[in-house]
Structures are given as structure tokens and as C-alpha cells.
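Have a look at the structure below, then the notes.
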Ligand code: FAD
């Protein structure tokens, strides 16, 4: 099986999430070929073939041009899979490529099970396995789901791509950084986050009291924000903030990949969950199997003494 990894370049460098493409391809035992629309400095140190198209000519994103560059490499390499990260770049480009190739497209893959692709469904509560039938497949992977085990190494064989392209129908205007409102959790050294397991809004003071006792900030999972228990600026995860505190305390949080992606760079993770098998246990340094409603006030009281 051969995989074309479409790396993403932004602001002068390869996005770190691009390395997850390599980890995903390794999971499939696929032969890897990469495409970078960037500059020489952004070519990944990987001992294989890397197609390089000049970003100054094709832009950081330009739907028609980038699609044609991907198709050009598909033509040359005949990969079975074209893989992108599920970012705004990937989710815009993947269906364009899939439609052109008449290939099945699977979005937001979080795992591989018996050769099938595992994707979240029912708002992340369940997972299903998808096995597309077309010869070629276009896949986007959920950022954070495939962590590289070791840094890439090797000397790439760089093949320059230089196509003359007519201007397309869609113009890419640029990326706009969302205005920051509310709390900036990225600077917090201690975060105590509430999940659905906290039960109800009336229980939120238990989480806030622990955060206060530790001199930290309060964070949350998406269901907590959706339920209106906390404001959106406190959400941690792929659609919230990406944090890297010294201490992250996850209270009643299951450990969905969309949440983990936002907190996995924490130095030390304590999870409190009544389910000893909750997936958060895989990233936690300490898993306390307890009811948060009983455990949080007891811990806060100890800290206050
Ligand atoms: P649940 O998954 O319901 O887990 C609750 C946990 O609490 C369980 O493990 C349970 O055992 C435990 N529990 C229950 N009662 C107690 C108790 N009394 N004491 C102790 N433990 C208890 N989620 C995010 O967090 N951030 C995001 O940015 C994000 N973006 C998303 C984007 C997309 C496109 C999608 C589809 C989903 C996204 N999600 C995001 C949602 C994500 O998939 C999960 O649904 C969510 O993270 C689960 O939140 P949770 O852990 O609070 O709730």
C-alpha cells in the first residue's frame, strides 16, 4: 500500500500536525511519499521521496492550484491513499481531490481497526469503522489522534514540482486569527477542567474551588460549554484552546480524542473519574478512581489546610 501525505505549510514552516500523517501511514504499514507546498527549509527530514512545490508561486492555499499539484503527484506515484490532516486546509482540499479522483473520502479518522478507518459519530459518543470500496481513498485524520513515536529522520529525495497553472475560480484571501475573548488558558500553569461527569451547573463551584486553592484556571470540555455551565473561552480541545500547563486536572472527563488533542502537552495530568477504564487514563500520570462530587471537596479542603 502506498500513501501520499499532503503536508501543510503555514507562516514559513510545516505545521507540526503534518508529522502525524507519517505516524498514521506507519500504522497502516504504508510506503510513504510526501508533498509539501512550501520552501526548502520546510521539507521534512524523512528518508523518502518529497515533492516540493514553491509556496511563493502557488500560495499557502489556493484550492485549484493545490488540488492540481496533489493530482500531479497522484499521477506520478499512483498512491492508494491520499492523506491530509483534518484542518481547515485538509477539509477544504480533501473533497476536491476525492471528487477529481472519483475516490471515497473518509473524514476525521481517529484510528485503524482491521484495516478499516475508525471515525467518531454521535458527537463523539461512539465510533464506527468505515471500509471504503474504491481503489483510491482520500483520508483526513483527526489532529492529535496519531502521535509520532519518534522524530523523523533520514535524507529526503526532493523532487521539485513546477506546473504552469491557469488561475482558478476561487481566490484564497488569507487566514484570519480569531479575536481572543475571555480567558487565555494557554498561559495558565495549572488548569482544573470540568467534564460532563461533574453532573450539573450547580456542581461547578466544586471545580472552581479546587482551581482557586491551587491558584489555577478553570477549563472545560465541549459538553460543559454546550450546556452553558461555562463560557466557550474555557473550552479545551480541537475546537477550543490548546494548553500546556504544568498541571492539568481532568474532573469527570472521558478523554475523547478531540479533548486530548488540546491538553496532551500538559506536563502532569491528574484525572478523576469513577470509571477506571476511561480513556483519559491513557494520558493521565495519575488516575483517581472516585466520584468527583465526593473527591473534589475533600482534596480542596486538604489543600486549604
Ligand atoms: P463524556 O464523554 O460524557 O465523559 C464523562 C466522563 O465522566 C465519563 O468518563 C464518566 O465515567 C465520568 N463520570 C461521570 N460521572 C462521574 C462522577 N460523578 N465522578 C467522576 N467521573 C464521572 N470536546 C472537547 O472537550 N473539546 C473540543 O474542542 C471538542 N471538539 C469537538 C469537535 C468535533 C468536531 C466533535 C465531533 C466533537 C468535539 N468534542 C470536543 C466533543 C468530544 O468528542 C467529546 O464528546 C467530549 O470531549 C466529551 O466530554 P466529556 O469528557 O466531558 O463527557
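The values are calculated or read from the model by the stated rules, or taken from the named source; none is laboratory data. In this text the structure is predicted, and so the values were computed from the model without any measurement. So basically every Cβ, Gly included, is an ideal-geometry build from the backbone, and we count neighbours across all protein chains shown.
List of remarks:
- When region 264-295 is filtered for residues that are in contact (Cβ under 8 Å) with a residue 40 or more places away in the chain, more than 9 Å from the ligand (Cβ to nearest atom) and either part of a helix (DSSP H, G or I) or buried (at least 19 other Cβ atoms within 10 Å of the Cβ) (or both), only 266 remains.
- Residue match in region 99-115 (condition: touching a residue at least 12 places away in the same chain (Cβ under 8 Å), part of a helix (DSSP H, G or I) and under 15 Å from residue 160 (Cα atoms)): no
- The residue of region 233-263 that is nearest to residue 144 (Cα to Cα), among those that are more than 10 Å from the ligand (Cβ to nearest atom) and surrounded by fewer than 21 Cβ atoms within 10 Å (Cβ to Cβ), is 244.
- Within region 242-257, if we keep just the residues that are touching a residue at least 60 places away in the same chain (Cβ under 8 Å) and more than 20 Å from residue 188 (Cα to Cα), the residue that is nearest to the chain's Cα centre (by Cα) turns out to be 257.
- Lone unmet requirement of (1) surrounded by 18 or more Cβ atoms within 10 Å (Cβ to Cβ); (2) within 19 Å of the chain's Cα centre (by Cα); (3) at pLDDT 90 or above for residue 128: (1)
- Verdict on residue 94 being away from the ligand (no atom under 16 Å from the Cβ) and in contact (Cβ under 8 Å) with a residue 24 or more places away in the chain: no
- Subset of region 187-232 (residues that are within 10 Å of the ligand (Cβ to nearest atom) and either closer than 18 Å to residue 266 by Cα or not assigned by TED's automatic domain parsing to the domain that holds residue 251 (or both)): 193, 194, 195, 219, 220, 221
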